[in-house]
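Step one of this worksheet: look at the structure below.
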Amino acid sequence: YPSACRRLGASLAHAFGLRRRRARAERERGKGGAGNRQQSLSHRRGRPRTEQEEEERRRSCPAATMAESTPRNVRWAILGTGSIANDMVQILKQLPRTEVLAVGSRSVEGAKRFGDRWGIPRQYGSYEEAASDKDVDVCYIATPSLRHPQDSLLAMKNGKAVLCEKSMAPDAKIAREVLDAAKNSNLLFVHGVWSRFFPAMKKIRQIIESGEIGTVRSARASFCQNDGAGSCSALLETGIYCAQFLQWALEDPNDPGSDSGDGPVVRGA
């Protein structure tokens, strides 16, 4: 479990860093050289740069942005203080260039208890406050399952990348709303199905693609554990592990997928 979570967290940090660097490069490409020369000229004439001019210079001048190009810590806010959030914070604190900056709970007491345990400096008595912290880069959604869409949208509304615990939504329609919000906001959204990061999954994919076992036409999966359904249905809480595995095993990896409904069909036993 810890190694899979570390791979998930490291992959998210890498993806987030790539998006940040691409956004910076796009900003720099959009700046004209004449604008830089004009700002420099006005500075040499003795007029101090305005805050806007200084910001434009800092972003467009390679020398000025050298320090920015050096990777900095990815700063996380934890929304929710249950057992899975404890597990995730323990892993995040082992990752390089990763800082757990804030925690949000439904009460100040809950946030303080969790924050004090893990040394998290900013402790908020609401999810809204944690998600709107201007210094946070990524929100980890570990709230009760039925709140996941609501809290994912809240985080993205505040400009945060999101790692959302399973299940991300109770149905396809709401899941599409969340994914569309991420796409429209150009924000990274990751559904935290940690079993996708198992080395065994990579090996299974290699076996399927090699043709060693022929064409896979059907598969069966069992969670093999009598687990509580919590506030959601058993399918959404633990059955999702089986459902996502079967879809992954049967899908065509070269097909990005569509909304046509022609993909693998998963039925409960």
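The values are calculated or read from the model by the stated rules, or taken from the named source; none is laboratory data. It should be emphasised that the depicted structure is a prediction, and the values quoted were computed from it without experimental measurement. Heads up, the Cβs are rebuilt from the backbone with ideal geometry, glycines too, and the neighbour counts pull from every protein chain shown. Calculation scope for accessible area: heavy atoms of the full protein, side chains included, ligands and nucleic acids excluded. Shrake-Rupley method; radii C 1.70, N 1.55, O 1.52, S 1.80 Å.
Summary table
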item	result
CYS139 being open to solvent by less than 40 Å² (accessible area, probe 1.4 Å), in a strand (DSSP E or B) and either among the aromatic types (Phe, Trp, Tyr) or more than 20 Å from GLU237 (Cα to Cα) (or both)	yes
Leading residue by the ranking (least open to solvent (accessible area, probe 1.4 Å)) among those in segment 163-182 that are among the basic types (Lys, Arg) and more than 25 Å from VAL100 (Cα to Cα)	ARG176
Qualifying positions in segment 76-133 - charged (D, E, K, R) and in contact with a Pro (Cβ under 9 Å, 6 or more places away or on another chain)	ASP87, ARG97
Residue pairs meeting the criteria (Cβ under 9 Å; at least 6 apart or on separate chains; first at pLDDT 75 or above, in segment 230-258; second assigned to a helix (DSSP H, G or I) and of a type in the set (Lys, Arg))	GLN244/ARG196; PHE245/ARG196; TRP248/ARG196; TRP248/ARG205; ALA249/ARG205
